[in-house]
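The block underneath contains the structure these notes are about, expressed in structure tokens.
The values are calculated or read from the model by the stated rules, or taken from the named source; none is laboratory data. Because the structure is predicted, anything quoted here is derived from the model rather than measured. We place every Cβ from the backbone using ideal geometry, glycine too, and count neighbours over all the protein chains shown. Quick note on the areas: whole protein, heavy atoms, side chains included, nothing else; ligands and nucleic acids left out. Shrake-Rupley method; radii C 1.70, N 1.55, O 1.52, S 1.80 Å.
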Amino acid sequence: MKLIFITVCSLSNAIFLCCLTSSSMHLNQPITTQFKGNETDRLALLAIKAQIHDPNHQVMSSWNDSIHFCMWSGVTCSRRHHQRVTMLVFYSQRLASSISPHIGNLSFLREIDLFSNSFTHEIPLEIGHFSRLQVLYRDYNSFTGPIPTNIFHCFNLTILSLEKNKLVGDIPSELGFLSKLQEIEFQGKNLTGQIPPSFGNLSSLRV
């Protein structure tokens, strides 16, 4: 695989020649076969791409089969879990449109950073699929609708930031079950109600 090839090449010239010979056996394969990797994650990323508007063509232009999806802009894969996407970082890239529910198929995600873009529509309910998720930044966008109550399934969350959006409704009391939360931000004029009493259980919150 390409990622292993790059790592091993840095060790010695002898190993480089061995890997080069091995890799050359695959050069006649279609490029989609060489770089396909984990099919579930690859297809989920392509579904996400299909719904995103990238006016500057700085992010989505790299999302194609000419390179492995772990090398696509904004994508980081795990070293431990081979070819599984662990991070999506689109920090201040002027991206727009909605987030595909297929994002829920990226089950190894540990961080999602969508800070300062122009994403709209509701936060997909599939956000509750991320049991490994630790960091979620969706602030400074235009997300609408309520805060999904099933975020409490993301029980490893340490940072949850949803401020400066167009979210409505009450702050879900279920978030009080996120015992590992250290930072939480919800600033928004359309949110109603009071801070749920269950937030008193969040003993790890930093003031």
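Pairs meeting the criteria (first residue in the range 139-150 and touching a residue at least 24 places away in the same chain (Cβ under 8 Å) and under 16 Å from Tyr91 (Cα atoms), second residue assigned to a loop (DSSP other than H, G, I, E, B) and hydrophobic (A, V, I, L, M, F, W, C), beta carbons under 8 Å, at least 6 apart or on different chains) are Asp139/Phe115; Asp139/Leu162; Tyr140/Phe115; Asn141/Leu114; Phe143/Ile123; Phe143/Leu162.
Considering each residue of the range 121-129 in turn, none proves to be part of a loop (DSSP other than H, G, I, E, B) and in contact with a Leu (Cβ under 6 Å, 6 or more places away or on another chain).
For the range 159-174, the count of residues that are under 25 Å from Val75 (Cα atoms), open to solvent by 10 Å² or more (accessible area, probe 1.4 Å) and under 16 Å from the mean Cα position of the chain (by Cα) is nonzero. Select from the range 69-90 the residues that are in a strand (DSSP E or B) and open to solvent by 20 Å² or more (accessible area, probe 1.4 Å) and write down the one among them that is farthest from Leu109 (Cα to Cα). Within the range 69-90, the match that is farthest from Leu109 (Cα to Cα) is Val89.
Looking across the range 93-140, just one residue is open to solvent by less than 10 Å² (accessible area, probe 1.4 Å) and polar (S, T, N, Q), and that is Ser100. Only residues that are open to solvent by less than 60 Å² (accessible area, probe 1.4 Å) and closer than 18 Å to Glu39 by Cα were counted in the range 50-61, giving 0.
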